[in-house]
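First comes the structure, then the notes that go with it.
The values are calculated or read from the model by the stated rules, or taken from the named source; none is laboratory data. Worth saying up front: this structure is predicted, and the values here are computed from it rather than measured. With ideal geometry, Cβ positions are generated from the backbone for all residues, glycine too; neighbour counts draw on all protein chains shown. The protein model used for the area step is the full one, side chains on, heavy atoms only, and it has no ligands, DNA or RNA in it. Shrake-Rupley method; radii C 1.70, N 1.55, O 1.52, S 1.80 Å.
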Amino acid sequence: MLTKRIIPCLDVTLDEAGGTVVKGIEFVDLRKAGDPVELAKRYNEQGADELVFLDITASHEGRSTMIDVIERTANEVFIPLTVGGGINSIEDVRQILRAGADKVSINTSAVKKPQLIKEASEIFGAQCIVTAIDCKRNTNIVDNPDITILELEDGTPAWYEVVIYGGRQPTGIDAVQWAKKVEELGSGEILLTSMDRDGTYDGFDIPITKKLSEELEIPIIASGGVGNPDHMYEGFVKGKADAALAASIFHFGEYTVKDTKEYLKEKSIPVRL
Amino acid sequence: MKKIVIIDYGLGNLRSVRKGLEHAGASVVISSDPSEIMSADGVIMPGVGAFKDAMKNIAGLLDTIDDYVNSGKPMLGICLGQQILMSRSEEGGETTGLDLIRGEVLRFPHSDLKVPHMGWNSITMNQKHPFFEGIPDNTYVYFVHSFYVDTGEKNTLASCEYGKNFAASIVNDAGNVIGTQFHPEKSGDTGLKMLRNFVAIC
């Protein structure tokens, strides 16, 4: 049976150590969490199904550091590795895949130039193109046919707006419609992050996760807000996600990947143990 | 040290296959040169992307591949590299494959299941083969694909369930050409063990 994937996410920033994993709350206030290659090895040993590296500096200098980190990781860890952050061109995609990544995750650039998704998918194959969608709840319901109104947990109507530049800039784009568009353009997968939940430990944003999982044919990775293994369970059962991504709970030792999987298995979620 | 040639036909990330084989103790060459291929102890047919592009890119090597396979030395096709071993595929319009193993490549039908079939799924062993030496039944391996191989029982080494039962690993009649739909080089320690097994039979 196809298992639900548990994916630790490593936000990597450039520093004098040559790359450090950090984790913030709602994309700011970063705490240091350790060396990316060491963390990747640890998570692999714990039974992580995949790994995601996000280059959150994504500057020119950051990029070459990132290439080095990807190469070192890919030499030692034999599970799928996705790399994102500042990917802006076909050449960027090529460089990162060549360094040993299996997939690239494209976020802001996809919104700015959707053709990048299409071209990258045609050249490298849909299986390695992940579109990252960061979104934020918007309860200001205007009469607009281009938005998809969902019901929040307490019954409030809201739509989800795509945000870019690490959550700093709202775009006015409806997340549900954008997700359908990137599927058409050739994305193989969607990494969905709720800005409202990121780093909060409050659990995944279920309404948008469920909506995208039901509407799309490609897999959805839920991200943002995991505080305990039960949040993963909710993401799979209520949110119908195919995979769950988490950072803080793994980095700071609250739970190991193995603990999380054992919890899920007991609750009858298919996982690889 | 065994020499393994990964056939380079311009598709896919060859780095992880290379690293996996080196981990298994092989000396690895990535090449599209016929003399390199013929001198190998074992050959890997890699591949991600589309069937039609793969067949187009490999067109100049068809005789070399035939000669190599007829020599009886082992070849392992991975993912799309497995699919092109087959007679034909329906991907991108009917396209002829290498026809080293009889059968065809079909798309997963539209259903509630997500396509691509992506992630870790368990495989059932259908036949004994040294490639799977020491690998337990129902082990988990990593898949990512939208098309699958449909072939006879005789050529199916292991199978997998995703909406339907399909061939997760195949073998030719002579036993020297094997294919895996999953990625051994991405399947953690289990996959590395399979690559070691492959190097051992080369």
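Accessible surface of region B:3-201, 1.4 Å probe: 46 percent of it comes from carbon and sulfur atoms. Every Cα-Cα pair in region B:98-149 was counted, and those over 15 Å apart are 63% of them. Distance from the C-alpha centroid of region A:102-168 to that of region B:178-202: 37 Å, rounded to the whole angstrom.
The calculated Kirkwood hydrodynamic radius for the protein assembly as shown is 22.6 Å, given to one decimal from all distinct C-alpha pairs.
Taking a straight line from the alpha carbon of A:LYS113, these lysines sit under 25 Å away, with near neighbours fewer than eight places off in the same chain left out: A:LYS103, A:LYS136, A:LYS180, A:LYS181, A:LYS211.
Inter-label distance, A:GLU215 to B:ALA59: 4.2 nm, where each label sits 7 Å from its Cα along the C-beta direction.
Return the whole-Å distance between the Cα centroid of region B:1-49 and the Cα centroid of region B:58-94. The distance from the Cα centre of region B:1-49 to that of region B:58-94 comes to 14 Å.
The ellipsoid equivalent to the alpha-carbon distribution of region A:92-186 has semi-axes of 29, 13, 11 angstrom, derived from the gyration tensor eigenvalues as √(5λ) and listed largest first. Interface of B with A. Using a 1.4 Å probe and counting protein heavy atoms only, the two chains hide about 2500 Å² of accessible surface, both sides summed.
Suppose we look only past 33 Å in the calculated P(r) of region A:5-266. What percent of the Cα-Cα pairs does that tail hold?
Roughly 13 percent, rounded to a whole number.
In region B:125-196, inverting the average of 1/r over every pair of distinct C-alpha atoms gives 12.4 Å as the Kirkwood radius. The Cα atoms of region B:47-158 give a gyration tensor whose axes a ≥ b ≥ c have a/c of 1.5 or more with a/b no greater than b/c, which makes the shape oblate. Cβ-Cβ distance of B:LEU106 and A:GLU153, R₀ of 30 Å, FRET efficiency by 1/(1 + (r/R0)^6): the value works out to about 0.10. Here's how it looks for B:ILE30: its modeled amide H is under 5 Å from those of B:ILE6, which are all 5 or more places away or on a different chain. Mean per-residue shielding of peptide A:79-90 is 2, counting Cβ atoms of other chains within 10 Å of each Cβ. Any chance you could tell me what percent of the C-alpha pair distances in chain B go past 22 Å? Here the long-distance tail beyond 22 Å is 41 percent of all Cα pairs in chain B. According to the Cα-based calculation, Rg over Rh for region A:133-208 is 0.95, with Rh computed by the Kirkwood formula.
Spin-label pair A:LYS238-B:ASP189: with each label point 7 Å from Cα along the Cα-Cβ axis, the two points sit 3.6 nm from one another. The mean sequence separation of alpha-carbon pairs under 8 Å and at least six residues apart, normalised by the residue count of region B:3-201, gives a relative contact order of 21 percent. Taken over the alpha carbons of region A:81-130 as equal point scatterers, the Debye sum produces base-10 log I(q)/I(0) values at 0.14, 0.32 Å⁻¹ of -0.25, -1.46. In region A:119-137, the residues that give up 50 Å² or more of accessible area when the other protein chains are added, compared with the chain on its own (1.4 Å probe), are A:GLN127. Remark: mean inter-chain Cβ contacts per residue of A:92-101 equal 2, using a 10 Å Cβ-Cβ cutoff to other protein chain atoms.
If you take the square roots of the eigenvalues of the alpha-carbon gyration tensor of region B:1-72 and sort them as a ≥ b ≥ c, do you get rounded (a/c under 1.5), prolate (a/b over b/c) or oblate? Since a/c reaches 1.5 but b/c is at least a/b, the shape of region B:1-72 is classed as oblate. Values of log10 I(q)/I(0) for region A:208-273 across q = 0.26 Å⁻¹ run -1.16, by the Debye formula with one identical scatterer at each alpha carbon and no solvent.
Among the residues of B:146-155, the average count of other protein chain beta-carbon atoms within 10 Å of the residue beta-carbon is 1. In region A:239-273, comparing the full protein assembly with the chain on its own, the residues that lose 40 Å² or more of accessible surface at a 1.4 Å probe are A:ARG272.
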